[in-house]
Amino acid sequence: MSEFRIHLGKEIVQDLWRHKLQLALAIAVLVTCFAVILVTNMTRVMTSTQNDLMAEEDRLNIEWRHLLLEQGTLAEHSRVAALAMDKLQMARPLVTTEKVISQP
């Protein structure tokens, strides 16, 4: 009886060579799977970043509106007049004490 020994590595390579189309298709499927995973992850990251930026925009818009209201309040004539009278002891001049200066 003759002993016949099969070289396993050589058989695997020959088998893969015989089925090269199926091997190429399997590799293409794997590459496509990894590409889908990568694109999905990138989309999730970009969506999360967009949501964060939109929340920041809303926060800044609210702050801007509050600042406009504060500016309007601080610039109001009656408030400025009240502060001048209270803190600086300013008063409107009386008509009798007014002096009109005219240029020659």
Exercise. Going by accessible area, probe 1.4 Å, with all protein chains left in place, what is the ranking of H19, H7, largest first?
Worked result: H7, H19
For this session: Identify all lysines with a Cα-Cα distance to K87 below 30 Å; exclude those on the same chain that are fewer than 8 residues away in sequence.
Result: K99
Exercise. Using alpha carbons only, how many degrees (0 to 90, rounded to 10) separate the axis of helix 20-74 from the longest principal axis of the chain?
Worked result: 10 degrees
For this session: Compute the long axis of helix 8-18 from its Cα atoms, compare it with the longest principal axis of the Cα atoms of the chain, and write down the angle in degrees, 0 to 90, nearest 10.
Result: 70 degrees
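So if each residue of separation counts as 0.36 nm, and I subtract the Cα-Cα distance between A24 and S78, what length gain in nm does that give?
Numbers: separation 54, 0.36 × 54 = 19.44 nm, distance 8.26 nm.
Gain on extension, A24 to S78, equals 11.2 nm.
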Exercise. Taking the Cα atoms only, what angle lies between the long axis of helix 77-87 and the longest principal axis of the chain, rounded to 10 degrees?
Worked result: 70 degrees
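Leaving ligands, DNA and RNA out of it, report the carbon-plus-sulfur percent of the accessible area of the chain at a 1.4 Å probe. Let's see the in-between values first.
Values: 7000 of 10570 Å².
After summing per-atom areas, the C and S share lands at 66 percent.
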Exercise. Taking one equal scatterer on every alpha-carbon of the chain, how large is log10 of I(q)/I(0) by Debye at q = 0.10, 0.15, 0.16 1/Å?
Worked result: -0.73, -0.94, -0.98
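Using helices alone, what [θ] at 222 nm do you get for the chain, with -39,500 (n - 2.57) per DSSP H run of 4 or more residues, divided over all residues and rounded to the nearest 500? Don't skip to the end; give the middle numbers.
Numbers: 3 runs with 77 residues, N = 104.
Mean residue ellipticity at 222 nm (helix-derived): -26500 deg cm²/dmol.
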For this session: Counting only heavy atoms of the protein chains, get the accessible area per residue of the chain (1.4 Å probe) and round it to a whole Å² value.
Result: 102 Å²
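Counting only trypsin sites (Lys or Arg not before Pro) that are in a DSSP loop and have at most 12 other C-beta atoms within 10 Å, tell me the longest site-free stretch of the chain. Working shown, then result.
Values: sites that count: R5, K99.
After excluding every exposed loop site, the longest remaining stretch is 6-98.
The values are calculated or read from the model by the stated rules, or taken from the named source; none is laboratory data. If you're wondering where the values come from, they're calculated on a predicted model, not measured in any experiment. As a convention, Cβ positions derive from the backbone with ideal geometry for all residues, glycine included, and neighbour counts pool all protein chains shown. Heads up: the accessible areas ignore ligands, DNA and RNA and are worked out on the full protein's heavy atoms, side chains in. Shrake-Rupley method; radii C 1.70, N 1.55, O 1.52, S 1.80 Å.
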